[in-house]
Amino acid sequence: MITLQEPDKKAVLNFQPGQRFPRQVFLQIYERELNQTFVVIVYLNKKTLTKWQAIPQVQAAILPLDYQLAEEVVKSDSRWHNAMEKQGIKDFDQVQISCWALGILTSEEQKKVIVFVECSPNIEVNMGIILLIPLKEF
């Protein structure tokens, strides 16, 4: 994630023509192999890195690849097939797979990329079938 870190309100209110605002960019960087999230701030005016900090016990938002992998893992699991069939669902391609990063993790979970997955036969119905998937193992 990259976002402009806006100047302090006081600096904006005290702006004088010809003056330069301090321009900074905030980045949230996720290193999938290490399963680590970093917060970074870059000072654009001076072209310097002002902050690089690992955030322990936090998993960043999952990436498009993680959504795809989570769906593949879920839909290929025979236990999931059985759960769907018990609900009367035979066409698995019609099941909506929604997933999110967990956020704050335990020390054991930090070693894995884990997603929370919810399965529904359509967008209006929540089946209540919830899975935790350690994606880094796949």
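Using the C-alpha gyration tensor of the range 2-55, what are the square roots of 5 times its eigenvalues, in whole angstrom, with the largest one first?
Whole-Å semi-axes of the equivalent ellipsoid: 29, 10, 7.
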Separation in nanometres of the label points that stand 7 Å from Cα toward Cβ, at residue 68 and residue 19 | 4.9
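Could you work out how much longer the chain between residue 55 and residue 106 gets when fully extended? Use 0.36 nm per residue separation minus the Cα distance between them, nm to one decimal.
Values: separation 51, 0.36 × 51 = 18.36 nm, distance 1.32 nm.
Computed gain between residue 55 and residue 106 is 17.0 nm.
If neighbour count is taken as other Cβ atoms inside 10 Å, put 85, 71 in order from fewest to most. Please report the intermediate quantities before stating the final value.
Details: 85 11, 71 17.
Ascending number of Cβ neighbours within 10 Å: 85, 71.
Could you pull out the chymotrypsin sites (Phe, Trp or Tyr not before Pro) across the range 1-76 that fall in loop regions by DSSP (anything but H, G, I, E, B) with no more than 13 other Cβ atoms inside 10 Å?
Values: sites: 15, 26, 30, 38, 43, 52, 67; in loops: 15.
Qualifying residues, ordered by number: 15.
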According to a simple spin-label model (label point 7 Å from Cα along Cα-to-Cβ), what is the distance in nm between residue 82 and residue 26?
-> 4.6
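Values quoted throughout were computed directly from the atomic coordinates according to the rules given, and no laboratory measurement underlies them. If you're wondering where the values come from, they're calculated on a predicted model, not measured in any experiment. Cβ coordinates were reconstructed from backbone atoms using ideal geometry, including for glycine residues, and neighbour counts include every protein chain displayed.
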